[in-house]
Amino acid sequence: MVTFMDIVAYLKPKYVLMENVVDILKFADGYLGKFALSCLVAMKYQARLGMMVAGCYGLPQFRMRVFLWGALSLMVCFVPCCFICFARFMLHC
């Protein structure tokens, strides 16, 4: 996580997206999630942390994943909307 944040600090991209397992929020009372958000905010990024079902976005799995979005202060940071049709049912996340 520290290495990832160091790379973001060095490159200063307009947008940042990090994906991880849900346990990152459970480990040490959510320390890693708080650390990631605070690092992005300290680097002047708008940041958002969210959990989503990967299958809603076209991946062939239904596991929950944690996503961390970041956008430079002048950009808009949003959570993507999903609309995926499966053979038997339709998901609106």
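The values are calculated or read from the model by the stated rules, or taken from the named source; none is laboratory data. Note that the coordinates shown come from a computational prediction; the quantities given were computed from them, not determined experimentally. Every residue, glycine as well, gets a Cβ built from its backbone with ideal geometry; the counts of neighbours run over all protein chains shown. Ligands, DNA and RNA are stripped out before the accessible areas are found, and what is left, the full protein with its side chains, is counted by its heavy atoms. Shrake-Rupley method; radii C 1.70, N 1.55, O 1.52, S 1.80 Å.
Sorted by packing (mean other beta-carbon atoms within 10 Å per residue), highest first, where do 43-52, 63-72, 25-34, 6-15 land? It would help to have the intermediate numbers written out before the result.
Working: 43-52: 15.7, 63-72: 17.6, 25-34: 13.1, 6-15: 11.3.
Put in order of decreasing packing, that is 63-72, 43-52, 25-34, 6-15.
Projected label points at S73 and A42, each 7 Å from Cα along the beta carbon direction, are separated by 1.7 nanometres. Across the stretch 12-18, computed HN-Hα scalar couplings (Karplus, 6.51 cos²θ - 1.76 cosθ + 1.60, θ = phi - 60°) run 6, x, 5, 10, 10, 9, 10 Hz from first to last residue, x flagging Gly and Pro. At the residue level, S73 shows approximately 70 square angstrom of accessible surface with a 1.4 angstrom probe and all protein chains present.
With Cα atoms as the point set, the radius of gyration and Dmax of the stretch 1-71 evaluate to 12.5, 35 Å. Taking 27 Å as the straight-line reach from the Cα of K26, the lysines in range (excluding those fewer than 8 positions away in the same chain) are K34, K44.
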